[in-house]
Number of protein chains: 2
Amino acid sequence: MYRTHTCGELNANNIGETVSIAGWAQTIRDKGPIVWIDVRDRYGMTQIVGETGRVRDEILTTLKGIGREFVLQVTGEVVERHSKNPDIPTGDIEIVVSEIKILNGAKTPPFTIEDETDGGEELRMQYRYLDLRRNPVRKNLELRHKLSIETRKYMDSINFLEVETPYLIKSTPEGARDFVVPSRMNPGEFYALPQSPQTFKQLLMVSGYDRYYQIVKCFRDEDLRADRQPEFTQIDCEMAFVEQEDVLNTFEGLTKSLFKTILNVELDNFPRMDYVEAMEKYGSDKPDVRFGMEFKNLNSVAQNKGFNVFDSAEIVLGIVAEQAATYTRKQLDKLTDFVKRPQVGAKGMVYVKCNEDGTFKSSVDKFYSQEDLKAWADLADAKAGDLILVLSGDLDATRKQMNELRLHMGSELGLRNPADYKPLWVVDFPLLEWDEDSERYHAMHHPFTSPKAEDFDKLESAPGEVRANAYDLVINGVEIGGGSIRIHDKALQARMFDLLGFTPEEAKAQFGFLMDAFEYGAPPHGGIAFGFDRLCATLAGQESIRDFIAFPKNNSGRDVMIDAPAPIDGEQMKELFLNSTAERTEA
Amino acid sequence: MYRTHTCGELNANNIGETVSIAGWAQTIRDKGPIVWIDVRDRYGMTQIVGETGRVRDEILTTLKGIGREFVLQVTGEVVERHSKNPDIPTGDIEIVVSEIKILNGAKTPPFTIEDETDGGEELRMQYRYLDLRRNPVRKNLELRHKLSIETRKYMDSINFLEVETPYLIKSTPEGARDFVVPSRMNPGEFYALPQSPQTFKQLLMVSGYDRYYQIVKCFRDEDLRADRQPEFTQIDCEMAFVEQEDVLNTFEGLTKSLFKTILNVELDNFPRMDYVEAMEKYGSDKPDVRFGMEFKNLNSVAQNKGFNVFDSAEIVLGIVAEQAATYTRKQLDKLTDFVKRPQVGAKGMVYVKCNEDGTFKSSVDKFYSQEDLKAWADLADAKAGDLILVLSGDLDATRKQMNELRLHMGSELGLRNPADYKPLWVVDFPLLEWDEDSERYHAMHHPFTSPKAEDFDKLESAPGEVRANAYDLVINGVEIGGGSIRIHDKALQARMFDLLGFTPEEAKAQFGFLMDAFEYGAPPHGGIAFGFDRLCATLAGQESIRDFIAFPKNNSGRDVMIDAPAPIDGEQMKELFLNSTAERTEA
C-alpha cells in the first residue's frame, strides 16, 4: 500500500489524521525555510509542506531536491491551510511531511504539464505519455470512458447483446481500401482488417440474435485528411424485424440518454428531414440546424436582367444574414475572399444590403434597380437591416459553396453555440451515386442497403433516382452516425450487386456466404453505426477527434511515439512468403 | 413494427389480446384440419395454431406450406392451450392465427437447429450463422455479453478507466510471432497487431491514469493447438502505486463479484501458493485444487532396494487414490496405458494396493517386502483401501507425467465437479527460464516483470533462481489470468534486457520509447490480464473456448464460413510494395 488517500479527497474533515499520498510534483515553491509542493494524481492535487522546526532537517533537504514531475510518496499530518484555495476540493488543507520517499526522479519534461502547454503538436505526439498527463487530455479520455460505459448500460437495458466479431476477415474491393494481414499458415493468402463488422452483424440477424451491438475498432487504409485516423471506433448496431422508424426511435433513445447522463442536457425529439430538402435548403446532407439562413432560389428575380453571370448560371442562391447590413466594405471583401479560397471555390460573391431606411445597396447595382432588389429581398424574406449574400453557378458546386458560406456566417454571427445541441435525422438518401472515374454506380451507403419499395420500378429505368432506406444522425452539422434497412432477400441482393457492376461470379466470391445465409431464413433487419470518436468530440463541444484518442496516428498514419510502422526483419518476410519491392531507406 | 411481443413473453395474462409476433418456424405439426407451429426467436418459443372453421381457409393453406426455419410474422388472438406445456414460460397459451406473412422462406438447413444437433464440427463452422441459432451456442454468447457488462460495471465502480489502445503498432521479436500489416503510405514498413497492450498500459501508468482496464482483442501468429485462436480477447488491467498484494486483492474482488453476479456462487478468499510448492505438490503451475492427491516423494523408501528403475531415477513420486484399492487388473492396465500415451510419456507405472486387511499388493512385489510397502504407505499417508500410484524418472518429466495422472484419476474418481470452483493464486514465479534452443534466458512472464527485491543479488550470479513479482490466477486447474509488478526504473529495465540477450541498441530500437518514458516520472505499477474467452468457458463449466466465440477460426487459422484468408489482387500487392513468393494454388 503506497497511499491511504488519493490526491483529490482530503479536506477539512481529515484535519488531524496521519495520511499517505502518492503522485507527481506539479509545482514547487521553495521559500528558504519553508517549501510547498503540489502533489498531483489523476484525482486531484494536494499541497504538502515542510518547514524548519516543523519537519526533520533531512526532510526539508529532500523536499528541496525535488524537481517537476518527480514521483513522490508522502506521509504526514493533515492540517488546516493558512491561505486557503477555494478553487480546488483539497484547498482547505495541506500535509505536514513526516516521511517522504522519492519513488522515481524525472528529467525536465520537454513541455509544461499544464492546461495550456507550450509544447507544439509534434512534440506532444512524440511524448504522448506526458501530453496525456495534462488535465484537458485526461478529461477527454475520462469522457470517452464514461460514454462507452453509459452506451453499454443503455444498450444492455434494451436487450442488445454485445457480440465480438472477428478482426481477421476477408478483403473486399468494394468501398475503401483494406488493411491486409499476410497469413503465414496459408501461404500467399491474406486476411483483411474490417472496415466495419457489416456482414457479420447481418449474419447475426440471420442467426436470430435480434439486437446486436458492439463498440469496435474499424480500419480504413485511406489517404488521411486532417482528423481521419486509420483505426477508429464505432458503436455498431443491428436489429431484426424493424422498419426505418423503429431504428430511428431506438437510437434517438440512446442519444437522448447519453446527452442526459453525460451532459445533463434534455434533447427534444429529433426532426426528420429528407435528403432532397437538406440539399435544397442547406446544400449539405449534414446541415447545422442550430440556425436558419436557409438557401433561397433567386433565379426568378435575378435572371434575365442583363447580368450575364447570373443569366448563364444554373442556379442563383441567396442566404439572409440577419442584421448584418452594417457589414463594412472590408468585412464584405473578406467574405468574398473566403468564398474564393480554393477549398470553397466560388468565382465571386454578390451582396445586397437591406438598409434600415428601406433602400438597397448591392454590388450589382448597375444591373438591378431598387425595385429589382426589393423583389430579391421579398423572395428571400430579408428585412430592413439584413444582408443578402448571393452565389451562382452549377447546382452542385453552388450548393457546396453556399453551405461553406452559410456555416462561416453562422460562426461569425455567433449562431453556432457549442453548448446548443440540435440533432436531426436526414433520411431518404439516394441508393446510388454515379462515379465518373469508374463510369458506374456506387452504393451511396453500402451494397447491402435496401431501396425504398415504392422506387423498385426505377431500379433499371432510373437507378440514380432510387431512394434508399438510409439515414444519418446529424448533430450541429456533424455526421454522428448512419445506417440503413438492409436487403434480406437473395434475389434483390443479387440485383443490387448487378447494378453495382459485380459479375455473379465476383458477387459469389466476395459475398457468397451472405447470399447463402439469406436462403436459410433471413429476417428483415437494419442498423446503424455511430462514429464513437466523433461522438466523444461532439459531446465535448470540440472538433478534433484526435484529442479523444489516447494514442492517435499522424497524417502519414505513423505513431511517432513508438515509431510505427517500421521495417520487419528478413526472416519474418520469408515466413510470410513476401518480398518487398520498396526501396529501403533504412536497414 | 413487425411485432407487439417477442416469442418469449406471452402467458395466461395475455389471453384475449390480439398480438403480433415474428420469428422462425421451429417445429410444424400438420394434423390435417389443424396445424400447429412453434415460432422461435431469441427470447423463446410461442405456439401458433390454425384450424378449419377457426381460421380462414387461405391461412390454413399458408400454414401448410411453411417449412422449417421459414421467417414468419403472425397476428392473432392469444387463447388458452388445451394441452399445456409446463416446461416453457409461454406453455399455457397459443395464438390463433388471423394474419400470417411469410417474411422469408428457408432451404432445409444442413443440420438440425436443436440443442443436440446432427451436424458435425466442420459443417457447423461452415454454416456458423445457423449453428449460432442453437440454444447452447446462443446461451454461451449471452453469458459472454453478461460477463463483459458486469466486468465493466465492476471496474468502473472501483475507478478503473477503460482506455482504447492502438491495434496498429510495432513488431517486436520478443515473445510469440506477430501478425503484421504492410503500410501503403510507408513503403517497406509494417505495423504489427498487438499480442497485448502491454507497453501502452505501462505508458498510461507513466501518464498518471492510475487504474486502467480494457476488454481488448489480442493477436498471436502461433501454430494453433486445439483451442487456441489467432485472435483472442483479454481483460487487460494495470494499476499504479501498488504492490503485489494490492493487485491480487483487487482482482480477487473482481472475480468474486463476477461469480456472484453471474452464477450466484460465493467464493471463499483465494489461497496463495508459491510456484515451488505448486510444482512439488502438483507438478503444475496451475494445479486443480478441487481435490488433494498431492505428490509424495518416495525416494527414501523406494530407492536402494534393488529395483533398478527407481534406483536410477532422479525422483520417485507417488499419489494416493483414496478407496481405489479395489481397482481391477484391467483398470490398472488402462492407467498404465494412459501414462504411456505419447502425450504423457511415462515408461510405465507402479501401483500399490493397500488392502483392507492391512496387506499390500504391488506390481513390484518381488523387489519390496510387505514392510517396505508399509513404509511407502506411511510416507504417502495412504490408508487401508487406498491405491498408491507411482511414477519415476527425471524430476521435470516425472512431475509433468504425474500431473496428468493425478488429473486423470481426479476425473475418474469424480473429484472434479464443474460446479465446484476452487480459485488459487500461484505466486513467486521464476523471473527467467533457460531456453535450450537459443541458449539464453527468456522472460517467463515478459521482459517488463520485476524481480523480487530480495533476489536482486542473484541477477548476475544465479539468474535462474531469481523469483519474480509475478502471479497467476488459477481456477480448477485452468489459468484464468496472469500478471506482474513491472519494472519502473530505467536502469533495472536495461539490466533486464541485457540478461535477455538484447544489445543496448536492440533494446533502444524496440523499447526506447518505454525506457525514455521511465525517465520522466514513472510510478511503481503492476497489472494483470485475464483470458476472457477462457473465463467465459470456466464460468460455464466448459473446456473449449471456441464455443464462446461467435465466429471462431479453425486449427489452420481459417474462417471456413467466409473463406478467409484469401489471395488479394495484384493491384493491391503492388500498392503495398509486395511480391508473393508463395506458389499460388489458385488465381
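The values are calculated or read from the model by the stated rules, or taken from the named source; none is laboratory data. If you're wondering where the values come from, they're calculated on a predicted model, not measured in any experiment. Here Cβ is always computed from backbone atoms with ideal geometry, including for glycine, and neighbour counts include all displayed protein chains. These accessible areas exclude ligands, DNA and RNA; they are computed on the full protein's heavy atoms, side chains included. Shrake-Rupley method; radii C 1.70, N 1.55, O 1.52, S 1.80 Å.
What does the highest-first list of A:9-15, A:43-49, A:452-458, A:564-570 look like by mean Cβ count within 10 Å?
Packing order, densest peptide first, comes out as A:43-49, A:564-570, A:9-15, A:452-458.
Can you give the mean number of other chain Cβ atoms that lie within 10 Å of the Cβ atoms in peptide B:130-142?
Taking the mean over all residues of the peptide, I get 3.
Need one number: % antiparallel among DSSP beta bridges in the protein assembly as shown, to the nearest 5. Provide the component values of the computation, followed by the final result.
Working: 189 of 205 bridges.
Close to 90 percent.
Per residue, how much space in cubic angstrom lies within the convex hull of the C-alpha atoms of the stretch A:287-358? Let's see the in-between values first.
Details: hull volume 9.8 nm³, N = 72.
It comes to 136 Å³ per residue, whole-number rounded.
At what distance in angstrom do the alpha carbon centres of the stretch B:364-421 and the stretch A:109-147 lie from each other?
60 Å
Calculate, for B:SER369 and B:ASP394, the FRET efficiency according to 1/(1 + (r/R0)^6) with r their C-beta to C-beta distance and R0 22 Å; round to the nearest 0.05. Mind dumping the intermediate values first?
Numbers: r = 28 Å, r/R0 = 1.26.
Here the calculated transfer efficiency is 0.20.
Taking Cα atoms of the stretch B:112-263, Rg/Rh with Kirkwood Rh, to two decimals?
1.04
Could I have the simple spin-label model distance between B:ALA491 and B:SER556, label points 7 Å from Cα toward Cβ, reported in nm to one decimal?
Here the answer is 5.5 nm between the modelled labels.
How big is the dipole moment of the stretch B:464-587 about its Cα centre under a simple scheme where the beta carbon of each Lys and Arg is +1, that of each Asp and Glu is -1, and everything else is neutral? Debye, nearest 20, please.
Dipole about the Cα centre, nearest 20: 340 debye.
Per residue, how many Å² of accessible area does the protein assembly as shown show with a 1.4 Å probe? Mind showing how you got there, number by number?
Details: 47820 Å² over 1174 residues.
Value for the protein assembly as shown: 41 Å² per residue.
Which residue, chosen from B:SER312, A:LEU248, B:GLY120, occupies the Cα position most advanced towards the positive end of the dipole of the protein assembly as shown, where the dipole is computed from +1 (Lys, Arg) and -1 (Asp, Glu) charges on Cβ about the Cα centre?
Result: A:LEU248, furthest along the dipole toward the positive end.
Contour minus end-to-end for A:GLU280 and A:THR108, with contour as 0.36 nm per residue of separation and end-to-end as the Cα-Cα distance?
Taking 0.36 nm per residue and subtracting the Cα distance, the gain is 56.3 nm.
If you take the accessible area of B alone, add that of A alone, and subtract the area of the pair, what total do you get in Å², probe 1.4 Å, to the nearest 100?
Buried: approximately 11300 Å² between A and B.
Among the listed pairs A:LYS107/B:LYS170; B:LYS153/B:LYS217; A:LYS400/A:LYS452; B:LYS334/B:LYS361; B:LYS296/B:LYS400; A:LYS107/A:LYS139, which have their C-alpha atoms separated by more than 22 angstrom in this model?
On the way: A:LYS107/B:LYS170 26 Å; B:LYS153/B:LYS217 19 Å; A:LYS400/A:LYS452 27 Å; B:LYS334/B:LYS361 18 Å; B:LYS296/B:LYS400 14 Å; A:LYS107/A:LYS139 25 Å.
From A:LYS107/B:LYS170; B:LYS153/B:LYS217; A:LYS400/A:LYS452; B:LYS334/B:LYS361; B:LYS296/B:LYS400; A:LYS107/A:LYS139, over 22 Å: A:LYS107/B:LYS170; A:LYS400/A:LYS452; A:LYS107/A:LYS139.
To one decimal place, what Kirkwood hydrodynamic radius in Å is obtained for the stretch B:517-587 from all pairs of distinct Cα atoms?
17.1 Å
Given the -39500 (n - 2.57) contribution per DSSP H run of 4+ residues, what per-residue ellipticity at 222 nm results for chain B, rounded to the nearest 500 deg cm²/dmol?
It lands at -8000 deg cm²/dmol.
Just to compare against my own numbers: the Cα pair-distance distribution for the stretch B:220-326, 5 Å bins, whole % per bin, please.
In order of increasing distance, the bins hold 2, 8, 11, 11, 15, 16, 13, 9, 7, 6, 3, 0 percent.
Work through the residues other than B:GLN234 whose Cβ is under 15 Å from its Cβ and net out their charges, Lys, Arg +1 and Asp, Glu -1.
Around B:GLN234, the charge tally is -1.
Within 10 Å of each Cβ in peptide B:199-209, how many partner chain Cβ atoms are there on average? Round it to a whole number, please. Don't skip to the end; give the middle numbers.
Numbers: counts 1, 6, 0, 1, 8, 5, 1, 7, 12, 15, 10.
The per-residue average across the peptide is 6.
So what's the net charge close to A:GLY481: Lys and Arg +1, Asp and Glu -1, counting the other residues with Cβ under 9 Å from its Cβ? Don't skip to the answer; put the middle values down first.
Working: positive: A:ARG534; negative: A:ASP472, A:GLU479.
Local net charge: -1.
Would you mind estimating how fast the protein assembly as shown diffuses translationally, via Stokes-Einstein at 4 °C and 1.567 mPa s with the Kirkwood radius over Cα pairs, in µm²/s?
Details: Rh = 34.6 Å.
The estimated diffusion coefficient comes to 37 µm²/s.
Which of the lysines could a cross-linker bridge to B:LYS31, judged by Cα under 22 Å and excluding same-chain residues fewer than eight apart?
Partners within reach: B:LYS64, B:LYS84, B:LYS101.
Note the per residue figure in Å³ for the convex hull of the C-alpha positions in chain A.
Taking the convex hull of the Cα positions in chain A, it is 238 Å³ per residue.
Give me the inter-chain shielding for A:547-558: mean count of other chain Cβ atoms within 10 Å, whole number please.
Counting Cβ atoms of other protein chains within 10 Å of each residue's Cβ and averaging gives 4.
Which net charge results when you count Lys and Arg as +1 and Asp and Glu as -1 among the other residues whose beta-carbon is under 12 Å from that of B:HIS408?
After counting each charged neighbour, the total is 0.
Can you check what the Kirkwood hydrodynamic radius comes to for the stretch A:12-104, Cα pairs only, in Å to one decimal?
Its Kirkwood hydrodynamic radius stands at 12.9 Å.
For the stretch B:111-179, state the average projected area of the convex hull of the C-alpha atoms over all orientations, rounded to one decimal in nm².
Projected over every direction and averaged, the Cα hull of the stretch B:111-179 covers 7.8 nm².
So if we plug the beta-carbon distance of B:ASP498 and B:ASP246 into 1/(1 + (r/R0)^6) with R0 = 45 Å, what FRET efficiency do we get, rounded to 0.05?
Rounded to the nearest 0.05, the efficiency is 0.95.
Starting from the exponent 0.38 and prefactor 2.2 Å, build the expected Rg for the stretch B:291-412 from its residue count and divide its actual Cα Rg by it.
0.95
Could you derive backbone 3J(HN,Hα) for the stretch A:148-160 from the dihedral phi with the Karplus parameters 6.51, -1.76 and 1.60 (θ = phi - 60°), listing whole Hz in sequence and x where the residue is Gly or Pro?
Values per residue, Gly and Pro as x: 6, 4, 5, 4, 5, 4, 5, 4, 4, 5, 10, 6, 7 Hz.
Where does helix A:329-340 land angle-wise versus the long Cα axis of chain A, in degrees 0 to 90, nearest 10?
80 degrees
At 20 °C and a viscosity of 1.002 mPa s, what translational diffusion coefficient does Stokes-Einstein give for the stretch B:393-513, taking Rh as the Kirkwood radius over Cα pairs? Give it in µm²/s as a whole number.
Approximately 129 µm²/s, per Stokes-Einstein.
Between B:ASP457 and A:ASN85, what is the FRET efficiency for a Förster distance of 56 Å, r being their Cβ-Cβ separation, to the nearest 0.05?
Efficiency at R0 = 56 Å is approximately 0.75.
Just subtract the alpha-carbon distance of A:ASN579 and A:LYS305 from 0.36 nm times their residue separation and send over the number in nm, one decimal. Before the final figure, lay out the partial values.
Numbers: separation 274, 0.36 × 274 = 98.64 nm, distance 6.76 nm.
In short, 91.9 nm is gained.
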